Ligand code: 6CS
């Protein structure tokens, strides 16, 4: 087994975190630095790790040493669901919360799991995720109702299907046991393609594939490489159906108690990280596809044609109604807003490229 969270989930760490309680803002002059804990859902060397390490460097530098940030990579604190609970309780101050896992807590966030809603242009998606204030305000309302402060969202690259057969039409998914993250909408979504979706923790995917408990999974390229999934799969299928989106959260009581200076510091670092992480994910996804090609030359890499993508798009359309059913009126408003924002930014991008 390449990576097993259970074996490394150090139960000693959790009580330690809980015992530490909640820090407030920056420490007073001369006092020991205040510690901010940041839990991520990926291992060292990942996109989320790059984000958290840069966050740590910038905060520590710009707070003049008053704040020390400790990053907890995946495998030290628990599954995504457990990390979310730690952020809700204030045992960690910051966390990554992927919509693929958060949907059972906040149904609205499953907006970021809908296929063929985002633009084919990743820069458009990043612009919408990073800059759309109305979208952020609506999402934050849903997050605050569940004891989380929404800080932002970013793409980690296209979700890529891996399997032991070519999947080029929805019919190819027939009966395929595909591992999904645990948000309820993902079950309905993959059932629309005729697949047999199997929710599972990230740490269990490698052994699940190796032991043939599952046939397929879906993740960005950098993760397929660093988690070793390519070792136990034969095909990689690029359909540009959805970028992997992560959201960054804080504990609300901690966030509200920050001084204005510290809150502005967090916000400015977050804004700076939007561009930084976009470049990191682009580089990591490109480099690691090359690593996979080199380590496994017989890997079959498939890019779906526009006609093939259109068939998946058509099959996926009923999921939009299902989303509204699951996420209610605020979900309906979010979907409408997201579609409008993507259209607006796409039009602006097209106009800007015509002018240059
Ligand atoms: O598939 C998953 O569960 C995970 N995938 C990535 C790329 N990040 C975190 C998430 O938990």
Requested in this report: Take residue 205 and decide whether it is more than 16 Å from the ligand (Cβ to nearest atom), at pLDDT 95 or above, more than 18 Å from residue 330 (Cα to Cα) and assigned to a helix (DSSP H, G or I).
Outcome: no
Query - Residue list for region 46-63, restricted to those being in a helix (DSSP H, G or I) and touching a helix residue (DSSP H, G or I) at 6+ places or on another chain (Cβ under 8 Å) - result: 47, 50, 51, 54, 55, 58, 59, 62
Report task. Return the only residue of 262, 235 being farther than 30 Å from residue 315 by Cβ and out of contact with any helix residue (DSSP H, G or I) (no Cβ under 7 Å at 6 or more places or on another chain). Result -> 262
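Going through region 251-272 one residue at a time, which ones are closer than 25 Å to residue 112 by Cα and either touching a strand residue (DSSP E or B) at 6+ places or on another chain (Cβ under 9 Å) or within 14 Å of the ligand (Cβ to nearest atom) (or both)? Quick ask: steps written out before the conclusion?
First, the residues of region 251-272 that are closer than 25 Å to residue 112 by Cα: 251-252, 255, 266-272.
Residues satisfying the conditions are 251, 252, 255, 266, 267, 270, 271.
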Query raised in the report: Can you pull out the residues in region 208-229 that are more than 10 Å from the ligand (Cβ to nearest atom) and out of contact with any strand residue (DSSP E or B) (no Cβ under 8 Å at 6 or more places or on another chain)?
Result: 210, 211, 212, 225, 228
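Here is a yes/no grid of residues against (1) buried (at least 18 other Cβ atoms within 10 Å of the Cβ); (2) in a helix (DSSP H, G or I); (3) more than 23 Å from the chain's Cα centre (by Cα):
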residue	(1), (2), (3)
266	yes, yes, no
273	yes, yes, no
277	yes, yes, no
302	no, no, yes
329	no, yes, yes
332	no, yes, no
Requested in this report: Test residue 295 against the stated conditions and say whether it is over 28 Å from residue 229 (Cα atoms), surrounded by fewer than 14 Cβ atoms within 10 Å (Cβ to Cβ) and modelled with pLDDT of 95 or more.
Outcome: no
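Sort out which residues of region 180-202 are assigned to a helix (DSSP H, G or I), surrounded by 21 or more Cβ atoms within 10 Å (Cβ to Cβ) and more than 10 Å from the ligand (Cβ to nearest atom), and write them in order of number.
185, 186, 189, 190
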Query raised in the report: If you check 248, 232, which single one turns out to be out of contact with any strand residue (DSSP E or B) (no Cβ under 6 Å at 6 or more places or on another chain) and within 16 Å of the ligand (Cβ to nearest atom)?
Result: 232
**Report entry** Unique residue being without any contact (Cβ under 8 Å) to a residue 60 or more places away in the chain, in contact with a helix residue (DSSP H, G or I) (Cβ under 8 Å, 6 or more places away or on another chain) and more than 25 Å from residue 196 (Cα to Cα) when the list is 146, 141
**Finding:** 146
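The values are calculated or read from the model by the stated rules, or taken from the named source; none is laboratory data. Bear in mind that the values here come from a model prediction, so they are computed numbers and not experimental data. Note that we place each Cβ from the backbone using ideal geometry, even for glycine, and neighbour counts take in every protein chain shown.
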